[in-house]
1. Suppose the filter is out of contact with any Pro (no Cβ under 7 Å at 6 or more places or on another chain), touching a residue at least 24 places away in the same chain (Cβ under 8 Å) and of a type in the set (S, T, N, Q); does N37 pass it?
2. With the requirement that a residue be part of a helix (DSSP H, G or I) and under 16 Å from E64 (Cα atoms), what does segment 9-48 give you?
3. Which of the residues belonging to segment 20-68 are among the small types (G, A, S) and open to solvent by 70 Å² or more (accessible area, probe 1.4 Å)?
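The values are calculated or read from the model by the stated rules, or taken from the named source; none is laboratory data. Quick caveat: nothing in here was measured; it's all calculated off a predicted structure. Heads up, the Cβs are rebuilt from the backbone with ideal geometry, glycines too, and the neighbour counts pull from every protein chain shown. These area figures cover heavy atoms from the full protein model, side chains too; ligands, DNA and RNA do not enter into them. Shrake-Rupley method; radii C 1.70, N 1.55, O 1.52, S 1.80 Å.
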Amino acid sequence: MPIIVNLDVIMAKQKIGVAELAAIIDITPVNLSVLKNGRAKAIRFSTLEKICKALNCTPADILEYREE
């Protein structure tokens, strides 16, 4: 898939765990893990907004496009 999810990198840089971020953005840790590991098929803009606000980043920091 040409969309790369860099959420794990951003979380590691900010030293925040899945459980902590999930609590902040009000989603389940399982759903956050699915997104973090690049297995999600979609993401709501409202969830993306909450992630960006919590991590003080932009969607471009989290999602990356690479041609195959």
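1. For N37, the condition - out of contact with any Pro (no Cβ under 7 Å at 6 or more places or on another chain), touching a residue at least 24 places away in the same chain (Cβ under 8 Å) and of a type in the set (S, T, N, Q) - is met.
2. Residues satisfying the conditions are V9, I10, M11, L35, K36, F45, L48.
3. A23, A42, A60
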